[in-house]
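Reading through the structure tokens given below for one structure.
The values are calculated or read from the model by the stated rules, or taken from the named source; none is laboratory data. The model shown is predicted, which means the values in this text are computed figures rather than measured ones. All Cβ positions, glycine included, derive from the backbone under ideal geometry; neighbour counts span all protein chains shown. Surface areas here come from the heavy atoms of the whole protein model, side chains and all, with no ligands, DNA or RNA. Shrake-Rupley method; radii C 1.70, N 1.55, O 1.52, S 1.80 Å.
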8 protein chains.
Amino acid sequence: MTLHVYLSGEIHTDWREQIIEGSQGLDVIFSAPVTDHAASDDCGVAILGEEPNKFWHDHKGAMVNAIRTRKGLEEADVVVVRFGEKYKQWNAAFDAGYAAALGKSIIVLNPPEHQHALKEVHAAALAVAEEPRQVVEILRYVLTGTLPG
Amino acid sequence: MTLHVYLSGEIHTDWREQIIEGSQGLDVIFSAPVTDHAASDDCGVAILGEEPNKFWHDHKGAMVNAIRTRKGLEEADVVVVRFGEKYKQWNAAFDAGYAAALGKSIIVLNPPEHQHALKEVHAAALAVAEEPRQVVEILRYVLTGTLPG
Amino acid sequence: MTLHVYLSGEIHTDWREQIIEGSQGLDVIFSAPVTDHAASDDCGVAILGEEPNKFWHDHKGAMVNAIRTRKGLEEADVVVVRFGEKYKQWNAAFDAGYAAALGKSIIVLNPPEHQHALKEVHAAALAVAEEPRQVVEILRYVLTGTLPG
Amino acid sequence: MTLHVYLSGEIHTDWREQIIEGSQGLDVIFSAPVTDHAASDDCGVAILGEEPNKFWHDHKGAMVNAIRTRKGLEEADVVVVRFGEKYKQWNAAFDAGYAAALGKSIIVLNPPEHQHALKEVHAAALAVAEEPRQVVEILRYVLTGTLPG
Amino acid sequence: MTLHVYLSGEIHTDWREQIIEGSQGLDVIFSAPVTDHAASDDCGVAILGEEPNKFWHDHKGAMVNAIRTRKGLEEADVVVVRFGEKYKQWNAAFDAGYAAALGKSIIVLNPPEHQHALKEVHAAALAVAEEPRQVVEILRYVLTGTLPG
Amino acid sequence: MTLHVYLSGEIHTDWREQIIEGSQGLDVIFSAPVTDHAASDDCGVAILGEEPNKFWHDHKGAMVNAIRTRKGLEEADVVVVRFGEKYKQWNAAFDAGYAAALGKSIIVLNPPEHQHALKEVHAAALAVAEEPRQVVEILRYVLTGTLPG
Amino acid sequence: MTLHVYLSGEIHTDWREQIIEGSQGLDVIFSAPVTDHAASDDCGVAILGEEPNKFWHDHKGAMVNAIRTRKGLEEADVVVVRFGEKYKQWNAAFDAGYAAALGKSIIVLNPPEHQHALKEVHAAALAVAEEPRQVVEILRYVLTGTLPG
Amino acid sequence: MTLHVYLSGEIHTDWREQIIEGSQGLDVIFSAPVTDHAASDDCGVAILGEEPNKFWHDHKGAMVNAIRTRKGLEEADVVVVRFGEKYKQWNAAFDAGYAAALGKSIIVLNPPEHQHALKEVHAAALAVAEEPRQVVEILRYVLTGTLPG
């Protein structure tokens, strides 16, 4: 059994690397959005032409990024959605809703202070974790039946 | 043609009332989440029993609210998602993602300062508005072909 | 908003009547399997001809009953699955699984002693109740936003 | 033609091993739930944190197990559901219902004394067997056209 | 509960009338193909222009008839497929296959001498009847729980 | 049987009126795009704000019009796609492709000189007509079994 | 591009072998039902136990065969349905209907005398051929763009 | 991550070759219609027999070509639709509509003078490009996160 896992959300810490490294040896194929913030913001205009209006600048980029995001979400068995401590992070919640409607298994990863604000997202999840290590432990258990410790 | 319109998101201003009132005479059936904040937070424990742990208190409520939210989203032709000026509002972005995966027509309603943070949500929308009046004008145009003014 | 509610499971107590009566005045359309035990067991052979072998006797009946069950489950917004105190009740758990795969909102109604054995069914539910009254309260809240008391 | 076969249900006898061993040389990929009873019961709290309340202890575990179960069911061509002689086994019947709604080919494996109680599950099955050997014979026939003996 | 029932197949006897008349008072909406044989054969060329080649003459008609057939099959809860004593009746078996793939409840109505030749169609059915009266009895039982006699 | 019919395509002649008038007395519910050319072109900017760039001017309008078009296409049983004598009419072909992927019954209405260029669209249609009168005759036949003349 | 092709229908002539042999070198994966007539008729009782009643004898076999048939049909890109000169062949027409509802590309292969009786099946096909050689030519053209001769 | 990309539309220039060559080293699998114009027009009659009527000549060919087109569209993650400077190109717009209804990521490639006529097609696209080079840049960015320059 190969698990396809999409790593959605926060791009400012190394949580993806922790999960990927921790999962070495497991039969997991990871995917993720482009995490280079500048490239992600500017991809639309860099390729398809400048826009004087910020809305369309952003729009063109978000549309191009959606090609990758949808592919990742639709192919995933498990979608891990990470909420960091800062920013609005509406794209993360959007991905969670998209994954929920597709019937994906969702793992939410967030600091405890966001608990109340995330309750609707948690209601669609199969696991709520605080640490990347716990995500790795879930993947290991799901694939091998082995618990930590 | 009857349009089913689900009004998702912010519950602290009267934007729903403005849209519903402005749409009088149009063939629209509106639905919405429970907008009584206290009832919405406590519905789970009030009906199904107290929980000492805040996480499960919230979880039980969010699950019960999901019965209404999913029904509203799945029956809708148009989902209007309102982002207000405050709070995390991850439930709004979650609903937008859910609606997008179902192929619903999405109208996002937000103040201009949220533009950049909402770019992924906007990329899934057919219209981005700033005022409830514009949502009414869209509904009127879609149903009758009449433009404002 | 009209809720279609399918009442699946145990047929030896009056829980369905309690829920239907308690929901008077709410915009709910209920459906349910045939609850006449003898008719339900014998419908296949009574209509389509006797079977000397008990397996096929039962099979013919279960197939005819499936016409009604599938219609009820597929049209439902909410599926209430009641587990009583006795019997195997595999049909109830089967309906719960069927409803889960269709993405229906599930409410499980069971006595507390069944909790551990029902944990996989509960994991697919949006609410777990012990009393028919609680189901009514959920339906009322979902439709009107009103909490008990 | 490769058959994906999910082996659902009873975890106290070696029926899975019998089927897997008997199918050696056939183009079958088997999957199954975690069959370590203790790990399966405790996986949620072991990874995501203790729960004083037994309901949430079980719930967390059932949710984590659902990641594997759904993956297995959704990828399967054939779902074998085994009912043993003891216990409620509602998870097995739940899996059968889930598989039925997804249109999977279902083989039920049960001792004859459960026949009447399983008639609704049998009504969704393409084969009802009593011995693991018969499941192997079905898989061999489906893949190679060869009958036993 | 309203049942939508599509009456597919043989058009040379009055079996449809028997079922419709026998179902008076039941909450059933029947649909059926055009049963005027000449109109059914010629509808394509009569409306869309003559074809010298018999294949295209038939093709144009079959395509126009498919508008009605698909609508009837897709809206149906129950598809009754009648095989008469004569002719190839491949359209009836085609409708049965189409209904099976859509997950419809299928009732096959055929004389006993066709049993062996129809075994694959029967394998997709929830009931196999020989008389229109039995179809009425199934519909009455499914809707009201009442058995004949 | 009520047929929902969406009338897609050319907006410069009175073909829609001819079909609607000719269908009086038939159980048909028609829908169509906004056929006021100026309103259709300008609806986006009129409601959501001016755009200096013609591309975004058009884009905003096309997105708002898509709310109505998708609703009409998704609810339709039959999609009539009219190609006139002039213009690119890519929106008509787009609607035909969209309808084909949804499995709708398609009737194409075009002058004979477009035959070769429309062959891929015709390959997805159940009828190819040259006159609105023929569309009416198809609808009458599908609903009543009556042929013209 | 790899084409999955399911070869449904008549089992008394070597048409499958002709197509498979003719397609050597093309990127095609063929599947087919079990074509050993005796094994196909008896597989149910040989594995799952004797039935004195011919109906259930046939039923058990048809159900087991359905495991293979459904797998083949659901994985296919192209379904070739062969009607021979004799027998009822309702299973072939059933497979055609099943494939049509799944949106598969259908090629019908039949002698010209069956043309009128097959017109509804032809209406769902993308090609109607008389010789296995033509099916090979279609597969070659679809995969390589090369026409015969 | 492997992207499946279908290259639909204009067949008179070397845009496909430019994209395929530019994408060397990227994890992309391309597919496309048969681009030999004469073969594409005549494939139906060359394989399945002559037709004196041009409509059926074209129809037979379009149906055979649909086998390849549908396979390509349904397997694609990204559909690139190229509109050239000449001809009606309704097949390109049809493919775009088909892809849109399937939820595929669409990139439209057209000269600027077609902008207004393509606005409904653009409204369903995630990117609108003028040069094949831009399509390559999008594919490279989506797969590797690297921007040009």
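Numbers at a glance
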item: Scope the stretch F:1-32; condition without any contact (Cβ under 8 Å) to a residue 40 or more places away in the chain and over 23 Å from E:ARG68 (Cβ atoms); matching residues; result: F:ILE11, F:ASP14, F:GLU17
item: Check on H:HIS37, under 13 Å from the mean Cα position of the chain (by Cα), open to solvent by 20 Å² or more (accessible area, probe 1.4 Å) and more than 21 Å from A:LEU48 (Cβ to Cβ); result: no
item: Qualifying positions in the stretch F:71-82 - surrounded by fewer than 23 Cβ atoms within 10 Å (Cβ to Cβ) and either at the interface with chain H (Cβ under 7 Å from one of its Cβ atoms) or out of contact with any Asp or Glu (no Cβ under 8 Å at 6 or more places or on another chain) (or both); result: F:GLY72, F:GLU74, F:GLU75, F:ASP77
item: Sole exception among (1) surrounded by 15 or more Cβ atoms within 10 Å (Cβ to Cβ); (2) within 11 Å of another protein chain (Cβ to nearest Cβ); (3) of a type outside the set (Val, Ile, Thr) for E:LEU7, by number; result: (2)
item: Any hit, the stretch H:41-55, residues being touching a Pro at 6+ places or on another chain (Cβ under 6 Å) and either over 25 Å from G:LEU102 (Cβ atoms) or open to solvent by less than 60 Å² (accessible area, probe 1.4 Å) (or both); result: no
item: In the stretch D:83-116, residue farthest from the other protein chains (Cβ to nearest Cβ) [restricted to those that are in a helix (DSSP H, G or I) and surrounded by fewer than 18 Cβ atoms within 10 Å (Cβ to Cβ)]; result: D:GLU113
item: A:GLY103 vs. criteria free of Cβ contacts under 8 Å to residues at least 40 places away in the same chain and in contact with a Gly (Cβ under 8 Å, 6 or more places away or on another chain); result: yes
item: Among (1) assigned to a loop (DSSP other than H, G, I, E, B); (2) touching a residue at least 40 places away in the same chain (Cβ under 8 Å), the one test that E:LEU139 misses; result: (1)
item: Residues of the stretch G:7-29 satisfying the condition of being touching a strand residue (DSSP E or B) at 6+ places or on another chain (Cβ under 9 Å), under 18 Å from G:ASN91 (Cβ atoms) and not β-branched (Val, Ile, Thr); result: G:LEU7, G:SER8, G:GLY9, G:GLU10, G:TRP15, G:ARG16
item: Selection count where residues are more than 14 Å from C:VAL128 (Cα to Cα), more than 14 Å from chain A (Cβ to nearest Cβ) and assigned to a loop (DSSP other than H, G, I, E, B), scope the stretch B:36-69; result: 2
item: Enumeration of residues in the stretch D:1-31 that are under 13 Å from the mean Cα position of the chain (by Cα) and at positive phi; result: D:GLY9
item: Residue that is nearest to B:ASP41 (Cα to Cα), among those in the stretch A:103-118 that are among the aliphatic types (A, V, I, L, M) and touching a strand residue (DSSP E or B) at 6+ places or on another chain (Cβ under 9 Å); result: A:LEU118
item: Search result, residues across the stretch B:7-27 that are more than 20 Å from C:GLY145 (Cβ to Cβ) and outside any loop (DSSP other than H, G, I, E, B); result: B:GLY22
item: Residue within the stretch C:136-148 that is surrounded by 16 or more Cβ atoms within 10 Å (Cβ to Cβ), at pLDDT 95 or above and under 23 Å from D:SER40 (Cβ atoms) present; result: no
item: Some residue of the stretch A:118-132 being modelled with pLDDT of 95 or more, more than 29 Å from C:LYS104 (Cα to Cα) and either open to solvent by less than 30 Å² (accessible area, probe 1.4 Å) or more than 9 Å from every other protein chain (Cβ to nearest Cβ) (or both); result: yes
item: Counted residues, the stretch F:138-149 - those being within 7 Å of another protein chain (Cβ to nearest Cβ) and within 15 Å of F:SER105 (Cβ to Cβ); result: 3
